Amino acid sequence: MSRENSAPPPFIPLTETNNPRSADLDTRTTREILEIINAEDRHVIDAVAAELEPITRAAEEIYARIQGGGRLIYIGAGTSGRLGVVDASEMPPTYNVPHGLVIGLMAGGEGAMFRAVEGAEDKPEWGREDIARLNVNERDAVMGIAASGRTPYVIGGLQEARARGALTISFACTTPAPIHEAAEINIAPLTGPEVIEGSTRMKAGTATKLVLNMISTTVMVRLGKTYGNLMVDLQPTNQKLRDRARRIVERVTNLSAADAQTLLDQCGDVKTAIVAHHAGVSPEAARERLAQAGGSVRGALR
């Protein structure tokens, strides 16, 4: 058969290849299995570090979109989708951002978080429909997550988002890959074959969690949601977080625990308490300063 008429080789992602270092895994002792897994996990940090340039570009572009009134939308299937949903759901309580600023889309819908929806990831039209349902536009950033780099649902979603003018970012643990062709920014930490062949909840899942944490945390810091490394915009919705809010005010103001709590009660939130104390102004004046500084404590104190 001539080369012109031969079919192209099938796409096999790096995550689907066999790992020779764990080939005899079922013959190993418990300690040896754990040592193999731990040794493989060490490769993840270096793989992510090698992608810092596109990760940086993605974070900067997402920050610019949110500053302009846009949103960050993750779209994925299986483990990739679940990690996107988790990262999105943690933004409101951690950084006091409105629900809907960071969104996680999952192939098969919310129910797929806990029980697999068979075939959902194979439907690119579902990805397109989910993006269209959110009225995605040029102000938004959409990050498609697919460890294998080939999930049709995710590719369909990215294609729809790009057609609507949104910033598109692909994440996969293999390259080249179909998902990268659908996005403007490509992030591809090459974590290598999994300890259990194809089980991307392992190294690929760890890399996904790391990158999503890096991007969302960096964007929130740039938005003024921290003061130094302190979580000053948290929502104190339980006792642990109420205690953390008081400790932050204690640390920044050098007040006693009782005085810090009194100040916090008077001001209503951590940011206002810090600004009111250090600027020597009323809670109302502190809130006005924060509003003028875009919510940045450092800016309000300048």
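The values are calculated or read from the model by the stated rules, or taken from the named source; none is laboratory data. As the structure is a computational prediction, the values presented were derived from the model and not from experiment. Here Cβ is always computed from backbone atoms with ideal geometry, including for glycine, and neighbour counts include all displayed protein chains.
With the condition kept exactly as written, say whether any residue in region 187-198 is modelled with pLDDT under 95 and within 14 Å of Gly78 (Cα to Cα). Within region 187-198, one or more residues are modelled with pLDDT under 95 and within 14 Å of Gly78 (Cα to Cα). Might you check whether a residue that is in contact with a Gly (Cβ under 7 Å, 6 or more places away or on another chain) and in a loop (DSSP other than H, G, I, E, B) occurs anywhere in region 191-205? The answer is no; no qualifying residue exists.
Do you know which residues across region 145-185 are assigned to a helix (DSSP H, G or I) and either among the hydrophobic types (A, V, I, L, M, F, W, C) or not assigned by TED's automatic domain parsing to the domain that holds Ser199 (or both)? Val154, Ile155, Leu158, Ala161, Ala163, Ile179, listed by residue number. Could you pull out the residue among Glu51, Glu40, Glu32, Glu61 that is out of contact with any Lys or Arg (no Cβ under 9 Å at 6 or more places or on another chain) and outside the structural domain of Thr208 (by TED's automatic domain parsing)? Checking each option against the conditions leaves just Glu32. Listed conditions (1) modelled with pLDDT of 95 or more; (2) surrounded by fewer than 13 Cβ atoms within 10 Å (Cβ to Cβ) are all met by Val48, apart from (2).
Cβ separations smaller than 6 Å between residues 6+ apart or across chains give the following pairs from region 209-238 residues that are within 25 Å of Val249 (Cβ to Cβ) to residues that are among the aliphatic types (A, V, I, L, M) and surrounded by fewer than 17 Cβ atoms within 10 Å (Cβ to Cβ): Leu234/Leu241.
Once region 13-44 is narrowed to residues that are under 22 Å from the mean Cα position of the chain (by Cα) and touching a residue at least 12 places away in the same chain (Cβ under 8 Å), the residue that is surrounded by the most Cβ atoms within 10 Å (Cβ to Cβ) is Thr15.
For region 206-260, the candidate set comprises residues that are of a type in the set (Gly, Ala, Ser) and under 30 Å from Arg42 (Cα atoms); within that set, the residue that is modelled with the lowest pLDDT is Gly228. Scanning region 254-302 for residues that are polar (S, T, N, Q), in a helix (DSSP H, G or I) and closer than 17 Å to Asp233 by Cβ yields Thr272, Gln292.
Yes or no, residue by residue, for (1) among the hydrophobic types (A, V, I, L, M, F, W, C); (2) free of Cβ contacts under 8 Å to residues at least 40 places away in the same chain:
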{"site": "Leu72", "(1), (2)": "yes, no"}
{"site": "Thr79", "(1), (2)": "no, no"}
{"site": "Arg82", "(1), (2)": "no, yes"}
{"site": "Val85", "(1), (2)": "yes, yes"}
{"site": "Tyr95", "(1), (2)": "no, no"}
{"site": "Leu101", "(1), (2)": "yes, yes"}
{"site": "Leu105", "(1), (2)": "yes, no"}
{"site": "Gly111", "(1), (2)": "no, yes"}
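The one condition from (1) in contact with a Lys or Arg (Cβ under 8 Å, 6 or more places away or on another chain); (2) crowded, with 20+ Cβ neighbours inside 10 Å that Gly104 does not meet is (1). Restricting attention to region 56-114, the residues being hydrophobic (A, V, I, L, M, F, W, C) and not in a helix (DSSP H, G or I) number 12. Checking each residue in region 206-231 for being out of contact with any helix residue (DSSP H, G or I) (no Cβ under 8 Å at 6 or more places or on another chain) and either part of a helix (DSSP H, G or I) or buried (at least 18 other Cβ atoms within 10 Å of the Cβ) (or both) picks out Thr217, Val221.
I'd like the residue in region 183-197 that is closer than 17 Å to Val154 by Cβ and surrounded by fewer than 23 Cβ atoms within 10 Å (Cβ to Cβ) and, out of all such residues, is farthest from the chain's Cα centre (by Cα).
The initial filter retains those residues of region 183-197 that are closer than 17 Å to Val154 by Cβ, namely 183-189.
Of the ones still in play, those that are also surrounded by fewer than 23 Cβ atoms within 10 Å (Cβ to Cβ) are 184-186, 188.
On the way: Glu184: 18, Ile185: 15, Asn186: 15, Ala188: 15 Å.
Applying the filter and picking the extreme gives Glu184.
Could you tell me how many of the residues in region 232-253 are surrounded by 19 or more Cβ atoms within 10 Å (Cβ to Cβ) and either part of a loop (DSSP other than H, G, I, E, B) or of a type in the set (A, V, I, L, M) (or both)?
Of region 232-253, the ones surrounded by 19 or more Cβ atoms within 10 Å (Cβ to Cβ) are 232-234, 245-246, 248-249, 252.
Adding the requirement that they be either part of a loop (DSSP other than H, G, I, E, B) or of a type in the set (A, V, I, L, M) (or both) leaves 232-234, 245, 248-249, 252.
So the count comes out to 7.
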